[in-house]
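Everything below concerns the one structure shown next.
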Amino acid sequence: MAAVALAFLFSFSLAAAAEDPLRFSETEFTAVQEGYLTLRWNEVAEATEYQVIDDTGLSRYRGLFPEAFISGLADGTYRFNVRALDSDGNELARSTVPASVEVKHWSLSFSLMLLSCGMVVFLAIIGLIVVGTWRTSHGEPRSEGSGS
């Protein structure tokens, strides 16, 4: 009985792969706050080029590798599909399930808080440099380890 179930699952996965020979490794990206992501998909044997197209029809990537770095995304929801092309530019395969991403950048208050923390650290370092330089130039004795 287990062998029959295993054979069924194996044939089902082969049928799914035959129906969708080109698919993304990950299709759902939620709460992307940086405005960029990396899309990866399986290779198609005869493909010499891949093309990633967004939901507006804009080509976001054309290249040899089954991976694309997409950046510069504003807040919103985006869907991407990938096509595999042969050396003549003919479409060999296309993804049927798009990769979907929701971009929601960091809030302004959080960004300003991080900027303030960075400024405090920067000013502390500058202050230490100024005080150290002043002490050194005014001939204050340096405290060195005790050595007899």
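Structural remarks
Rundown of residues vs (1) closer than 22 Å to residue 48 by Cα; (2) open to solvent by 60 Å² or more (accessible area, probe 1.4 Å); (3) outside any helix (DSSP H, G or I); (4) modelled with pLDDT of 95 or more, yes/no style:
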position	(1), (2), (3), (4)
81	yes, no, yes, yes
105	no, yes, yes, no
109	no, yes, no, no
115	no, yes, no, no
121	no, yes, no, yes
134	no, yes, no, no
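- Region 83-103 - residue that is closer than 17 Å to residue 27 by Cα and assigned to a loop (DSSP other than H, G, I, E, B) and, of those, least open to solvent (accessible area, probe 1.4 Å): 95
- The set of residues in region 38-60 being part of a strand (DSSP E or B) and open to solvent by less than 60 Å² (accessible area, probe 1.4 Å) consists of 38, 39, 41, 49, 50, 51, 52, 53, 54, 59.
- Residue check, residue 90 under 16 Å from residue 21 (Cβ atoms), of a type outside the set (Asp, Glu) and modelled with pLDDT of 95 or more: no
- Count of region 70-79 residues, restricted to those that are farther than 14 Å from residue 26 by Cβ and either hydrophobic (A, V, I, L, M, F, W, C) or not in a strand (DSSP E or B) (or both), is 5.
- Across region 30-51, the number of residues qualifying as out of contact with any Ser or Thr (no Cβ under 7 Å at 6 or more places or on another chain) and over 13 Å from residue 74 (Cα atoms) comes to 11.
The values are calculated or read from the model by the stated rules, or taken from the named source; none is laboratory data. From a predicted model like this one, the values you see are computed outputs, not experimental measurements. All Cβ positions, glycine included, derive from the backbone under ideal geometry; neighbour counts span all protein chains shown. Surface accessibility is based on the protein's heavy atoms, side chains included, excluding ligands, DNA and RNA. Shrake-Rupley method; radii C 1.70, N 1.55, O 1.52, S 1.80 Å.
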